[in-house]
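Structure first, commentary second.
What follows is calculated from the coordinates using simple rules that are stated; it is not laboratory data. What you see is a predicted model, and the numbers here were worked out from it, not measured in a lab. Cβ: placed from backbone, ideal geometry, glycine included. Neighbour counts: every protein chain shown.
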Amino acid sequence: MGKHILVVANQTIGGAKLLELVRERAREPDTSFTLVVPMTKPRSGYVIYEDAVRDSAQVRLDLALSYLRSEDIVASGELGDEDPYTATLDALREYQPDEVIISTLPSSSSGWLRRDLIERIAEATHVPVEHVVVDLDQEGVPFGVTLAVANRTLASPTFLEALKARATELERHVFIFVVPQEGGHGIAARQARARLTQVIDRARAAGLICAGMIADPDPFNAVMNAVQFFRVDDIVISTLPATRSGWLRADLIERVRRATNKPVEHVEATDTAEAAA
């Protein structure tokens with residue numbers, strides 16, 4: 001019978017030390033993993049759109065699973081309670097793993113460690129508990145991360161080509177789609193999620209490792225929320241042509257550049273047919 005390992009992480013789920021430990025464990029025959037991402041909130045920053053905490057945790061989980069599966073590692077996952085202790089105990093009861101790996105930020109910035117999470121979990125279970133400290137500020141992540149922002153132009157071939165070009169620049173690159181809702185009416189979320197599903201399907205078919213979330217109707221707030229949740233290297237924003245784009249009239253591109261200090265590429269749908277694709 002194979003070995004099953006529970007991995008609990010949130011912000012650090014893409015950290016190099018954690019991924020290397022998972023690879024090391026995966027070298028043992030018939031080893032599988034369950035990833036649990038507690039839906040913890042950021043400590044400070046921009047006002048968070050109500051669904052963003054859950055969606056951002058789902059993005060981290062989806063990207064981690066896609067990355068591991070691309071290396072032929074057997075893994076599944078789920079979101080957990082916002083309290084990491086409760087999330088871990090729930091998963092322990094459900095999956096009865098042979099080992100638990102918990103990944104945190106360093107003690108100076110980890111809310112989990114301030115709550116003595118590792119010791120409490122070790123006392124609550126009879127299986128080995130391994131603690132991995134991931135310092136994202138020092139180590140970064142072992143792949144490039146591009147934030148891809150669009151709504152009506154998500155299906156634009158120009159947009160997808162810009163993302164594919166980035167994927168060829170690095171051996172490992174992942175993409176996080178952010179789709180601001182169009183207005184505050186009830187159908188807006190369903191429309192945005194449908195567009196998101198379609199673009200993720202197309203991007204994965206093109207070989208991209210990606211995940212995504214719908215976001216605040218204000219595109220600037222949507223980007224700032226995403227930058228707060230994820231460590232990104234650059235941003236690609238796709239818009240309608242200048243004569244039709246409310247985002248451009250609101251000077252979105254320059255505002256994002258100034259606020260994030262990240263490289264920002266603007267991709268404009270070149271014609272009406274492309275914008276409506």
Filtered trypsin sites (Lys or Arg not before Pro), segment 215-258: DSSP coil and at most 15 other beta carbons within 10 Å: Arg231, Arg244
Averaging sequence separations of C-alpha pairs under 8 Å and six or more residues apart, then dividing by the length of the chain, give the relative contact order as a whole percent. 20 percent
Hey, any idea what Rg/Rh is for segment 163-277, computing Rh the Kirkwood way over Cα pairs? 0.94
Selected from Leu63, Leu21, Leu160 as most flexible by GNM, with the chain as the system and alpha-carbon contacts under 10 Å: Leu21
Partners for Lys17 among aspartates and glutamates (Cα-Cα distance below 20 Å; same-chain residues under 8 apart left out): Glu28, Asp62, Glu71, Asp72, Glu99, Glu130, Asp135, Asp137, Glu139, Glu171, Asp233
GNM result for the chain, Cα springs below 10 Å: residue of Thr168, Thr12, Thr243 fluctuating most strongly: Thr243
Which of Asn261, Asn221, Asn151 moves most in a GNM of the chain, Cα contacts under 10 Å? Asn261
For the chain, the longest site-free run once GluC sites (Glu not before Pro) in DSSP loop states with at most 14 other Cβ atoms within 10 Å are removed: 172-277
Taking the dipole of the chain about the Cα centre (Lys, Arg +1; Asp, Glu -1; charges at Cβ), the one of Ala242, Thr88, Asn221 that reaches farthest to the positive side is Ala242
Given bins 10 angstrom wide, list per bin the percent of all Cα-Cα distances in the chain, short to long. 6, 29, 33, 21, 9, 2, 0
Sites matching trypsin sites (Lys or Arg not before Pro) across segment 1-43 that sit in DSSP coil, with at most 15 neighbouring C-beta atoms within 10 Å: Arg27, Arg43
Could you go through segment 221-226 in sequence order and give the Karplus-derived ³J(HN,Hα) for each residue, using 6.51 cos²θ - 1.76 cosθ + 1.60 with θ = phi - 60°, rounded to whole Hz, and x for Gly and Pro? 4, 4, 5, 5, 4, 5
